[in-house]
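This report refers to the structure that appears directly beneath it.
The values are calculated or read from the model by the stated rules, or taken from the named source; none is laboratory data. None of these values were measured; they are calculated from a predicted model. Heads up, the Cβs are rebuilt from the backbone with ideal geometry, glycines too, and the neighbour counts pull from every protein chain shown. Just so you know, the surface numbers come from the protein's heavy atoms only, side chains and all, with ligands and any DNA or RNA stripped out. Shrake-Rupley method; radii C 1.70, N 1.55, O 1.52, S 1.80 Å.
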Amino acid sequence: MTDFINIALPKGRLGEKAYQMLKNSGYDCPEIEQPSRKLIFENPEKGVRYFWVKPSDVAIYVERGAADLGIVGKDILLEYQPDVYELLDLNMGKCHMAVAGKKDFRDPVGRTLKVATKFPNITQTYYNGKCRDIDIIHLNGSIELAPILELSHVIVDIVETGTTLKENDLVVYERIVPISARLIANVASYQFKSEAINTIRNSLEKQVEST
Ligand code: PRP
């Protein structure tokens with residue numbers, strides 16, 4: 001029986017780029033390149049099986065061993081602190097976690113700062129470090145609306161091109177941390193499939209170094 005390496009890819013552009021890197025490393029799976037709504041693809045000859053997963057769920061699949069490897073943003077690793085091995089910075093999907101708000105915003109010193117975000121743990125840790133008292137408003141998307149509608153004073157969110165902020169008349173105040181995509185491994189898989197996993201990791205590293 002083929003001992004597959006199971007790889008969770010984040011649905012979307014980042015996952016497609018990651019698949020291309022894996023393909024360049026020899027782990028192609030022709031079926032995944034055909035348009036379809038399928039979520040699992042395997043190539044028994046190469047010993048790989050891919051799953052398309054919601055980006056924020058990749059670390060869950062890897063942590064619980066449903067996938068041996070996964071591609072995930074550092075934002076997810078910082079927010080959820082999953083018990084996985086971070087094997088490689090893929091140097092793609094690069095963006096920043098930042099504090100942003102209206103252009104004329106002034107911090108209401110002495111009052112609780114209302115912060116809207118999809119990342120409550122990153123936000124709390126950041127403001128703990130500044131000894132700033134905050135009220136976190138946990139949203140699931142379109143975070144930029146919050147300061148515009150005065151739901152919050154500021155937001156903590158991902159900024160990639162800056163277009164979303166610009167088109168909504170918002171600006172960055174502080175950069176919190178740079179973000180990029182990481183290759184992660186399940187802890188037990190890394191022990192039992194170490195040779196195959198390290199072969200994949202080292203091949204991806206060579207591609208990262210040559211870009
Ligand atoms: C993310 C993020 C920002 C936007 C930043 O949102 O939350 O809204 O991308 O990208 P930009 O700087 O290139 O404009 P996403 O597309 O994940 O949608 P969401 O509103 O559902 O969070």
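What the table below lists for this structure:
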| quantity | calculated |
| --- | --- |
| Residues of the stretch 147-161 classified as near the ligand (Cβ under 9 Å from one of its atoms) and open to solvent by 60 Å² or more (accessible area, probe 1.4 Å), total | 2 |
| Flag if Tyr61 is closer than 26 Å to Ile158 by Cα and without any contact (Cβ under 8 Å) to a residue 40 or more places away in the chain | no |
| Test set (1) open to solvent by less than 30 Å² (accessible area, probe 1.4 Å); (2) more than 9 Å from the ligand (Cβ to nearest atom); (3) closer than 23 Å to Ile179 by Cα - Glu144 fails condition number | (2) |
| Strands (runs of 3 or more DSSP E) lying entirely in the stretch 23-77 (those with 3 or more residues that are open to solvent by less than 50 Å² (accessible area, probe 1.4 Å)) | 48-53, 69-73 |
| Residue in the stretch 95-117 that is open to solvent by 80 Å² or more (accessible area, probe 1.4 Å) and closer than 30 Å to Gly70 by Cβ present | no |
| Any pair with Cβ under 9 angstrom, 6 or more apart, that starts in the stretch 23-48 at a residue that is in contact (Cβ under 8 Å) with a residue 60 or more places away in the chain and closer than 23 Å to Val208 by Cα and ends at one that is in a strand (DSSP E or B) and of a type outside the set (Val, Ile, Thr) | Tyr27/Asn43; Tyr27/Tyr50 |
| Filtered residues of the stretch 167-190 (kept if open to solvent by 20 Å² or more (accessible area, probe 1.4 Å) and assigned to a loop (DSSP other than H, G, I, E, B)) | Asn168, Asp169 |
| Unmet requirement for Thr164, which otherwise passes all of (1) within 15 Å of the ligand (Cβ to nearest atom); (2) open to solvent by less than 60 Å² (accessible area, probe 1.4 Å) | (2) |
| Flag for Ala196 being within 14 Å of the ligand (Cβ to nearest atom) and more than 21 Å from the chain's Cα centre (by Cα) | no |
